[in-house]
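Enquirer: First the structure, which I've put down as structure tokens, then a few questions once you've had a look.
The values are calculated or read from the model by the stated rules, or taken from the named source; none is laboratory data. Keep in mind that what you see is a predicted model, and the values were worked out from it rather than measured. Here Cβ is always computed from backbone atoms with ideal geometry, including for glycine, and neighbour counts include all displayed protein chains. The accessibility values were calculated without ligands, DNA or RNA, using every heavy atom of the protein model including side chains. Shrake-Rupley method; radii C 1.70, N 1.55, O 1.52, S 1.80 Å.
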Amino acid sequence: MSTLVEDLRTARRRFSVEFSPAHDEETAARQWRSVQRLRELGPLFASVTYGAGGGDREGTVELASRIAREGGVRPLAHLTAVGQSTQQLRGVLRELAAGGVRDVLALRGDPDGDPDAPWEPHPQGLQHADQLVRLAREEGAESVGVAAFPLGHPESPDLDTDLRHLLGKLAAGAGFAIAQLTYDVEDFLRLRDRLAAVGCEAPLVPGLLPVTSPKVLEVTRRLTHGHEPSWLNRRLQPLLDDRGAFREEGVRLAAEDGRRLLAEGVQVLHLYSLNASSNVVRLVEELGLAAPAAQRPAAG
Ligand code: FAD
């Protein structure tokens, strides 16, 4: 079986999808139905985020292992260095491996409680994601991915420094990167150009989150640290009181971004599911991202 990095290199018009551990049974049930529905469309991988709290951490291992066991999709487990010693992180990596999860997205994470507070590593833990990349590889992870920031990570003094650290993570053994969400496709393309200019050929996957409600808009605002184009407000602001129209416009905007990325030669789009499948299915269908029938898993 090919590795995730190999698949990312050879993929043509495909998608991956992101889930987060569910906190209640109803969400868990909806989430699992979404995994099953999306499996039929053949995502390259399904990633599972890693939360700050203990329950979320167990939830990540549990959900990623279940996807490996019964999901019919390759899981990618996110893992952060927040609040855990190196030994504890090794423990999580071993649990993931025992659960059949071979691929990891190695992240530093942000301080528990306040993501904008100054970063404090665990006293026996790791300072940066490159160290977690090495740890994951030492523990036998097959493909390791890292985070990339089209606008630069907020703690980076400038884009050159940010790029150097991204290259450091790739040199440490990561084989691909997933880019932080941005509202503007151009931001992503500029990062891709910066990597190409230094000869880096590692796959860089853009994230796409349909802004389908004012709540989702708040989440993306936090992630993009206020870098919000004026057209976004122009298109969504008038629809704040009409949930249906807001949702439609949000999916339309994401589809427009997706089309632009594909036209620029991007081959894999990482779609945020928010633990439901309907918006992802629409985007996959509108953008033609389903796997060819021969590459889809058998029904089960
Ligand atoms: P790092 O790569 O360590 O970078 C942090 C800062 O340190 C940057 O400014 C960087 O330039 C600098 N730096 C990096 N390496 C070095 C070095 N060797 N020496 C000096 N400076 C260095 N968070 C979660 O809690 N759970 C998740 O599931 C999650 N998933 C994410 C998925 C994606 C695709 C992205 C883009 C982010 C995700 N995050 C998640 C958020 C992420 O944890 C934060 O953005 C965090 O602030 C940075 O993580 P990092 O892995 O990029 O850290």
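Enquirer: Hey, rough spin-label estimate for ASP24 and ARG234, points 7 angstrom out along Cα→Cβ, what's it come to in nanometres?
Expert: Label-label distance for ASP24 and ARG234, simple model: 3.9 nm.
Enquirer: Quick one: accessible surface of HIS165, probe radius 1.4 Å, all protein chains present, in square angstrom to the nearest 10.
Expert: HIS165 has an accessible surface of roughly 110 Å² with all protein chains in place.
Enquirer: Give the accessible surface of the chain per residue, rounded to a whole number of Å², with probe radius 1.4 Å and ligands, DNA and RNA excluded.
Expert: 46 Å²
Enquirer: So how do ARG259, ARG235 rank on accessible area, 1.4 Å probe, biggest first, that is with the largest at the start?
Expert: Result, largest first: ARG259, ARG235.
Enquirer: Work out which helices of the chain, taken as complete DSSP H runs, extend at least 15 Å along their axis over the Cα atoms and score a mean Kyte-Doolittle of -0.5 or more, then list them.
Expert: Helices passing the filter in the chain: 86-98, 159-171, 185-197.
Enquirer: Calculated FRET efficiency, ARG69 and VAL219, Cβ-Cβ r, R0 30 Å, to nearest 0.05?
Expert: In this case the efficiency is close to 0.50.
Enquirer: Would you work out what percent of the accessible area of the range 4-295, with all protein chains in place, is carbon or sulfur (probe 1.4 Å)?
Expert: 49 percent
Enquirer: Which value, in Å² and to the nearest 10, is the accessible area of VAL251 when all protein chains are kept and the probe is 1.4 Å?
Expert: 0 Å²
Enquirer: Counting helices only, and only those DSSP H runs with n ≥ 4, report the 222 nm mean residue ellipticity of the chain as the sum of -39,500 (n - 2.57) divided by its residues, in deg cm²/dmol to the nearest 500.
Expert: Value at 222 nm, helices only: -13500 deg cm²/dmol.
Enquirer: Express in nm, to one decimal, how much length is gained between ARG12 and ALA117 on full extension, taking 0.36 nm for each residue of separation and deducting their alpha carbon distance. It would help to have the intermediate numbers written out before the result.
Expert: Details: separation 105, 0.36 × 105 = 37.80 nm, distance 4.00 nm.
The ARG12-ALA117 span can extend by a further 33.8 nm.
Enquirer: Quick check: net charge around SER156, other residues with Cβ under 10 Å of its Cβ, Lys/Arg +1 and Asp/Glu -1?
Expert: Cβ neighbours under 10 Å give a net charge of -3.
Enquirer: Right, another one. What is the distance in Å between the Cα centres of the range 266-299 and the range 150-205?
Expert: 24 Å
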